[in-house]
Amino acid sequence: MNAKQILTTLMMVLALIVVGSTAMAADMPEQVTIDTMVELFEAVEFDHDMQSELGEDCSVCHHHTTGTGTTDDRCISCHANSDELETVACINCHVSDPFSSEQLSRESQEIYQFHIDRPGLKGAYHWNCTGCHEEMGGPTGCEDCHARTPEGGVFYHKDATGSAGEGGHL
Amino acid sequence: MSGISRRKFLAASVAVGAATTLGGTKKALAAGSFSGYPDGMGVLVDLTRCIGCRSCEAACNKEQKLPDPNLPFDDMSVFDQTFHHGTQKRRTDESAYTVVNRYTPEGSDPIYRKVQCNHCAEPACLSSCSVNAYTKTKEGAVIYNGSVCVGCRNCMIACPFNVPAYSYSSAFGAVVKKCIFYHETRLKDGLPPACVEICPQEALTFGKRKDLLKIGHQRIQTHPGRYIDRIYGEKELGGTHWMYLSPIPVEEVGFDPRPGNEPIISHVKDFLGVVPMVLAIWPALFTGFHLLAKNQEGHEDHEHEIEQQHDEEGGQQ
């Protein structure tokens, strides 16, 4: 292998890396709109750019799906060297209707036996977000992230003004 | 003559008594225990996930069209409320079929526990109801028919979880009220309860009871140290369809440890099996005793008469 060949190979590898990372960055959304509870709460604009800068690596939130490896003891035996998946969005694995009868019957035939008891989308968001926010000192109150809609105010009876303890026979 | 009949009567009584005892035992054995509906649905409540946001209370209130609460559902001061001189935390009542209570064990973060009907496999409320108002459905719910309820409140005394509540506010047609797992409006169609749907933490997992047990045991195994090794409701009181995973002993989050694993009906089943036989045999038995006693009285009267005759004769002499 002469010097020219080595240089060509190096350049090709470099080009691949550049193309790869460009593709990844292009796929990565800057913002994610979370609007699964819009009846009661305004949609949350999740700043994916800012969050991905804070996170040590993608696997903190995306487990093994981004092809960046995983450190979770429970996943590592199968996914230590897993490739990046075609779809890496939360909702692709964490469904928004985890307890619908369709989903429950699908789960009962689940061939991926290690993935039983997978949280739904809402659970996955809240555990990931508030778990990290608690550690990092981020906001953890409901309305810190979710502005309530007028319907939400009615739902929580925000105007109730009775006194505590008027509970009848209790 | 009367001696022979008395002996015969006593022998017959003993035979009947023995038959009753044997018959009773056989019946009690045959009754066995009900193993529940394995395909019935349930909910696994994970106390390590609950953050006490009370959204489940709000969802229940809205969907069941319950009266407006005294305080907003995001008012956390309700956790400080106690009743009966601080011995009792909030409980379910006619205006709230579910409540969340806070427990603060020493050296640990607060733990919140949602209270509602646990939908027992062998419900004590059902056993105690004299008008058959309660039904355990194959879908897993314990429902009741308010139109036949006479308001005796036996179910409130029988329930080991203090769940059924009385509608004291209405003077007419007052009935017992409790969570019915949305049997007609959701469960029959395979839909999860409103409280499960709203829970932001997925502290409530809805599914077939048998699958929930699998999930519960897996969580305990996968997260050593997070839970105590027990699914409350797996065996307790004959099994319940709402079950709990707890990080600390269940007594510390307000569960009464006394009822044990036997369903409440086991304590009365043998006794109740004997009742029909007692009703059939006792009238005959006591009629017999009565006749016997009357016969004895006849003898005494006769003797008395003879004595009187003697006296009279003596008097004449």
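Please treat every number below as a calculation from the coordinates, not as lab data. If you're wondering where the values come from, they're calculated on a predicted model, not measured in any experiment. All Cβ positions, glycine included, derive from the backbone under ideal geometry; neighbour counts span all protein chains shown.
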What FRET efficiency would be calculated for the residue pair residue A:39, residue B:270, taking the C-beta separation as r and a Förster radius of 60 Å, to the nearest 0.05? 0.65
Quick calc: nm separation of the 7 Å Cα→Cβ label points for residue A:30 and residue B:153 -> 6.5 nm
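Please order A:33, A:149 by the number of other Cβ within 10 Å, starting at the fewest. If you can, show how the numbers build up before the last one.
Working: A:33 9, A:149 16.
Going from sparsest to densest Cβ surroundings: A:33, A:149.
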Taking 7 Å along the Cα-to-C-beta vector as the label spot, tell me the residue A:136-residue B:170 distance in nanometres, rounded to one decimal. 5.2 nm
For segment B:101-175, which chymotrypsin sites (Phe, Trp or Tyr not before Pro) are both in a DSSP coil and crowded by at most 13 other Cβ atoms within 10 Å? B:168, B:172
Could you pull out which residues in segment B:109-131 have an amide N less than 18 Å from a spot 7 Å beyond the Cα of residue B:82, following the Cα-Cβ vector? B:110-113
Simple spin-label estimate for residue A:57/residue B:261, 7 Å along Cα→Cβ, in nm, reads 4.6 nm
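Rounded to the nearest 0.05, what FRET efficiency do residue A:92 and residue B:66 give with R0 = 51 Å and r taken as the Cβ-Cβ distance? Could you check?
Numbers: r = 38 Å, r/R0 = 0.75.
Efficiency at R0 = 51 Å is approximately 0.85.
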Starting from the amide H of residue B:177, placed 1.01 Å from N in the peptide plane, find each other amide H under 5 Å away whose residue is 5 or more places distant or on another chain. B:165, B:166, B:167
Between residue B:229 and residue B:252, what length in nm is gained on full extension when 0.36 nm per residue of separation is reduced by their alpha carbon distance? 6.8 nm
Within segment B:207-251, chymotrypsin sites (Phe, Trp or Tyr not before Pro) in DSSP loop having at most 16 other beta-carbon neighbours inside 10 Å: none
Between residue B:75 and residue A:71, what FRET efficiency comes out of the Förster formula 1/(1 + (r/R0)^6) with R0 = 41 Å and r the beta carbon distance, rounded to 0.05? 0.50
Expected-Rg normalisation [2.2 N^0.38 Å, Cα atoms] applied to segment B:79-124: 1.36
Here are some pairs, B:62/B:136; B:235/B:269; B:62/B:208; A:122/B:136; B:136/B:269; B:214/B:235; which of them have Cα atoms lying more than 23 Å apart in this structure? B:62/B:136; B:62/B:208; A:122/B:136
